[in-house]
Amino acid sequence: MTEQPGLRTIQSVDRAAALLKAVANSRQPVTVVELAAQCGLNRSTAWRLLATLAAQGLVDRDPVTQRYSVGYAIFQLAAAGDHDAFVRRAHPVLEQLAGETGETVSLAVTKSFSLVYVHQVDAPTIMSPNWLGREVALHATSSGKAFLAWLPKEERDVLLARGLERFTDTTVTDREQLEEELVAARRDGFSVCAGELEETLYGASAPVLNDRERPIAIVSVWGPNHRVPAERLPAIGLRARTAAAEIEALLT
């Protein structure tokens, strides 16, 4: 076991955790040789630990390329979390965003390949509907579009396989038009929605990204269209993008 002040840890667990973090932080699947070098391990030790992690579903090895990526069990663990620690860290940033924009701010997290609202901060003197616990219509909300925009196209194809349901007259139901909006969202760093789920609700959203540039949460600012008209959305989107970057920094 390795020693730390006031703490004794199990060396094999430390090494397995280091490998798991290295896999999760890699922008693309990695080989055992690359992982061993990153974690300061010999190849045989890294291989045995990775085989154990793979048996538990924590990493996945491509049988063709022999490269490792995050396994299905990681997503099960993430889905089971209550997100309290994440919300506590993000709250001051969200509170400041609500104060600066004068509008409601929401935080949605990825859960089982969907988005669920886990926190909401209302601006002073503003009373808004509570969206906590609600899932997001991905193509008809700014938060859903921010999520989709940073996913690979093959994953979007799976999530949108059932088609694009119409909720209002402005709901985007054409896949090509939606893809154009997602390209713009990636370019600008935020997405917008103008009454596409509910006619009177307008908003802008930006993703909180991990080291692999995958969305782990979405910051949204929204309100009724008489307070958040379309011409305000770009400025609100830029501020949401800044807040999302601040939350990313808190997680490193």
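The values are calculated or read from the model by the stated rules, or taken from the named source; none is laboratory data. It should be emphasised that the depicted structure is a prediction, and the values quoted were computed from it without experimental measurement. Quick reminder, even Gly has a Cβ in these numbers, built from the backbone with ideal geometry, and neighbours come from all protein chains shown. Remember, those area values only see protein heavy atoms, side chains included, never the ligands or the DNA or RNA. Shrake-Rupley method; radii C 1.70, N 1.55, O 1.52, S 1.80 Å.
Picking from 41, 94, 138, which is most flexible by a Gaussian network model of the chain using Cα springs under 10 Å?
41
Could you tell me the accessible area of residue 202 in Å² (1.4 Å probe, neighbours in place), rounded to the nearest ten?
Around 40 Å² of this residue is reachable by solvent.
Lys and Arg at +1, Asp and Glu at -1: add these up for the other residues within a Cβ distance under 11 Å of residue 98 and post the number. Before the final figure, lay out each step's value.
On the way: positive: 239; negative: 95, 100, 103, 122.
Combined, the nearby Lys, Arg, Asp and Glu give -3.
If N is the number of residues in the range 156-252, what value comes out of its Cα radius of gyration divided by 2.2 N^0.38 Å?
The range 156-252 yields a ratio of 1.12.
Using Cα positions and a limit of under 22 Å, work out the lysines in reach of residue 145, with same-chain residues fewer than 8 apart set aside.
111, 153
From the protein chains alone at 1.4 Å, what is the descending order of accessible area for 33, 93, largest first? List each step's numbers first, then the result.
Values: 33 80, 93 15 Å².
Of 33, 93, the descending order of accessible area is 33, 93.
Expressed as an acute angle from 0 to 90° and rounded to the nearest 10, what is the orientation of the C-alpha long axis of helix 175-188 relative to the principal long axis of the chain?
70
Before I look further, what does the chain give for accessible area per residue, probe 1.4 Å, in whole square angstrom?
Numbers: 13390 Å² over 252 residues.
Ligands and nucleic acids excluded, the figure is 53 Å² per residue.
What figure, in Å² to the nearest 10, do you get for the accessible area of residue 21 with a 1.4 Å probe and non-protein molecules left out?
The accessible area of residue 21 comes to roughly 140 Å².
Just to verify a number: what accessible area does residue 231 come out at with the full protein assembly present, 1.4 Å probe, Å² rounded to tens?
The value for residue 231 is about 140 Å².
Accessible area of the chain with a 1.4 Å probe: how many percent of it is carbon plus sulfur? Please list the in-between numbers first.
Values: 7180 of 13390 Å².
The C+S portion of the solvent-accessible surface of the chain is 54 percent.
In what order, largest first, do 246, 95 sit by accessible area if the probe radius is 1.4 Å? Kindly include the intermediate steps, with their values, before the conclusion.
Numbers: 246 65, 95 100 Å².
Reading off the accessible areas and sorting them downward yields 95, 246.
Students sometimes get this wrong: rank 239, 166 by accessible area, probe 1.4 Å, all chains present, largest first.
166, 239
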